[in-house]
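Colleague: Okay, handing you the structure first.
The values are calculated or read from the model by the stated rules, or taken from the named source; none is laboratory data. Predicted, not measured: the structure shown is a model, and the values here were computed from it. FYI the Cβ positions are ideal-geometry reconstructions off the backbone, even for glycines, and counts take in every protein chain you see.
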Amino acid sequence: MKISNVSIYQVDLPLHEGSYNWSGGKSVQVFDSTVVRVETDEGLVGHGEVCPLGPVYLPAYAEGARAGLAVLAPQLVGDDPRQLMRLQRKMNQALKGHPYVKSAIDIACWDIVGQAAGLPVCMLLGGRYGDSFPLYRAISQQSPAEMASFVGKYRDEGYRKFQLKVGGDPDTDIARIRCAAAELQEGDVLIADANTGWLMHEAMRVADAVRDVNVYIEQPCLSYEECLSIRRHTNRPFVLDESIDGMSVLLRANRDQAMDVVNIKISKFGGLTPARLARDLCVELGIAMTIEDSWGGDITTAAISHLAHSTPPEYLFTSTDFNSYVTVSIADGAPQRDGGKLAASTDPGLGVTPKLENLTAWAP
Ligand code: MG
C-alpha cells in the first residue's frame with residue numbers, strides 16, 4: 001500500500017461560550033484547525049487533525065501547521081502509511097522539530113492502519129479498557145465567583161473533574177481556587193492550571209495559601225526548573241504539561257520526581273506514535289496522565305479517545321472532549337460525551353467520516 005495523495009484543509013471552530021481565556025490575558029474566540037486527508041493506491045483514506053491553542057500556548061500555530069504540511073506532504077507520496085515508525089523517521093529527517101505538523105499525518109496513517117486491519121485504533125494501541133473513560137472540563141478564566149458557578153453547571157452535564165484556568169494575579173487566583181473548591185462534592189477533582197503564568201514567588205504564595213485545599217497544581221511557571229522548585233515546596237499533587245514535550249524531558253522529570261501526573265498532548269509529542277510511546281513509558285513508571293491534545297474538533301477528539309481508551313484506567317487521570325466545546329462538527333462518527341465520559345469508536349480506524357463540505361481546501 002502506498003500514499004497516493006495528501007490533501008490539506010482549513011476549518012474555523014468557534015466556541016459555544018464565545019471565548020476561551022487562560023493565563024496572561026491569552027484568549028481565543030475561534031480556533032483555526034487543520035485537517036489532513038491521506039489517500040492510498042488501495043482506496044483506503046485516512047484523516048488527521050491538528051489545532052494549536054492559538055499561536056501563544058505552545059511553539060505551534062495554525063498557519064505553521066499548514067506551511068509545514070505543505071513541505072512534508074509531497075515527500076510522503078509513495079510511502080507505505082502502515083509503516084508508522086518508518087514514517088516518523090522520514091518526517092523527522094525531512095523537517096527538524098515542529099512535532100505538531102507531523103501529528104496530523106501520523107493520526108491519518110493510524111486511521112488507515114486501523115481500516116486495513118479492520119480494527120479500531122484503540123485496539124492497535126493496546127486494547128479497550130471498560131466502556132468509557134472520564135473527562136475533565138476546563139473552566140475559562142473569569143472572576144472567582146463566575147468560575148465557581150461553572151463547577152455546578154458542568155457537574156450537571158456529567159463532569160466530575162474541573163480544571164480552573166488560573167495563572168493570573170496570585171490573590172485573585174487564591175480566591176478562584178478557594179471559591180471553586182467550596183462548590184466541590186465528594187468525588188469531584190479540582191485542578192488549578194496556571195499555564196506557565198506565575199513567577200516563582202507568585203506560585204509559592206498560591207501553593208502555600210491552598211495547602212489545605214483539595215486541589216492539584218498544574219504547570220505553575222514557564223520553565224521546567226521553575227516548576228521543579230515549586231514542586232519541591234508544595235504538598236499538593238503536581239501536574240506538568242507545557243514543559244513536557246518529549247521523551248528526554250519526560251525521563252528527566254521522572255528522575256527528578258518532578259510530577260505526579262503528566263499531560264500527554266498528542267500534537268505536542270508529534271502524533272499518536274510518539275504519544276503512545278510516552279503513554280506506555282508513563283504506565284511503566286507509575287505516572288498518571290491527562291491524555292488530550294492542544295485543541296481540535298471531531299477528528300482530534302476521536303484520536304484522543306483511542307489513546308485514552310487504550311490506557312489502563314488507573315493511569316488515566318483524565319481526558320478531554322474538545323468537540324463539545326465548539327459549534328462546528330467536521331466529521332460523522334466522532335465520540336460524543338455521555339455523562340462526563342467518552343468512548344472510542346468500535347468501527348475500524350478512527351471511526352470518523354469527515355464532512356468535507358464543512359472544510360476548506362488549502363494550498364500554499
Ligand atoms: Mg495544562
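Colleague: May I ask you to list the residues in segment 92-115 that are under 13 Å from G64 (Cα atoms), part of a helix (DSSP H, G or I) and of a type in the set (A, V, I, L, M)?
Modeller: Correct list: V101, A104.
Colleague: Consider T301 carefully, then state whether it is in contact (Cβ under 8 Å) with a residue 40 or more places away in the chain, buried (at least 23 other Cβ atoms within 10 Å of the Cβ), part of a strand (DSSP E or B) and not aliphatic (A, V, I, L, M).
Modeller: So T301 fails the test.
Colleague: Moving to a separate point now. Would you confirm, using the coordinates I've provided, whether E157 is farther than 15 Å from P237 by Cβ, of a type outside the set (V, I, T), surrounded by 18 or more Cβ atoms within 10 Å (Cβ to Cβ) and modelled with pLDDT of 95 or more?
Modeller: When the stated conditions are applied, E157 does not pass them.
Colleague: With the structure loaded, tell me whether A148 is part of a helix (DSSP H, G or I), buried (at least 20 other Cβ atoms within 10 Å of the Cβ) and away from the ligand (no atom under 16 Å from the Cβ) or whether it fails that test.
Modeller: On the way: part of a helix (DSSP H, G or I): yes; buried (at least 20 other Cβ atoms within 10 Å of the Cβ): yes; away from the ligand (no atom under 16 Å from the Cβ): yes.
Answer is yes for this residue.
Colleague: For segment 216-232, what are the residues that are within 14 Å of the ligand (Cβ to nearest atom), over 12 Å from D260 (Cα atoms) and among the hydrophobic types (A, V, I, L, M, F, W, C)?
Modeller: If the condition is that a residue be within 14 Å of the ligand (Cβ to nearest atom), over 12 Å from D260 (Cα atoms) and among the hydrophobic types (A, V, I, L, M, F, W, C), then C221, L222, C227 are the ones that fit.
Colleague: Of the residues R211, R137, R205, which single one is in a loop (DSSP other than H, G, I, E, B) and basic (K, R)?
Modeller: Details: R137 fails: in a loop (DSSP other than H, G, I, E, B); R205 fails: in a loop (DSSP other than H, G, I, E, B).
Unique residue meeting the criteria: R211.
Colleague: Next question, about the same structure. Pull out all pairs, ordered by first then second residue, where Cβ-Cβ is under 6 Å, the residues are six or more apart or on different chains, the first lies in segment 209-231 and is crowded, with 16+ Cβ neighbours inside 10 Å, and the second is modelled with pLDDT under 95.
Modeller: Between residues of segment 209-231 that are crowded, with 16+ Cβ neighbours inside 10 Å and residues that are modelled with pLDDT under 95, there is no close pair.
Colleague: While we're on this one: (1) within 14 Å of the ligand (Cβ to nearest atom); (2) more than 13 Å from the chain's Cα centre (by Cα): which one isn't true of I264, the others all being true?
Modeller: (2)
Colleague: Being β-branched (V, I, T) and more than 15 Å from the ligand (Cβ to nearest atom) is the filter here, so list the residues in segment 178-215 that pass it.
Modeller: V206, V210, V213
Residues are listed down the side, and each one gets a yes or a no for (1) buried (at least 18 other Cβ atoms within 10 Å of the Cβ); (2) touching a residue at least 40 places away in the same chain (Cβ under 8 Å); (3) assigned by TED's automatic domain parsing to the domain that holds S140:
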residue	(1), (2), (3)
Y20	yes, yes, no
E42	no, yes, no
Y61	no, no, no
G64	no, no, no
L95	no, no, no
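Colleague: To continue, here is another question. Please find, among R128, R137, the residue that is outside the structural domain of Q83 (by TED's automatic domain parsing) and surrounded by fewer than 23 Cβ atoms within 10 Å (Cβ to Cβ).
Modeller: From the options R128, R137, the qualifying one is R128.
Colleague: What is the residue count in segment 28-54 for residues that are at pLDDT below 95 and assigned to a strand (DSSP E or B)?
Modeller: 1
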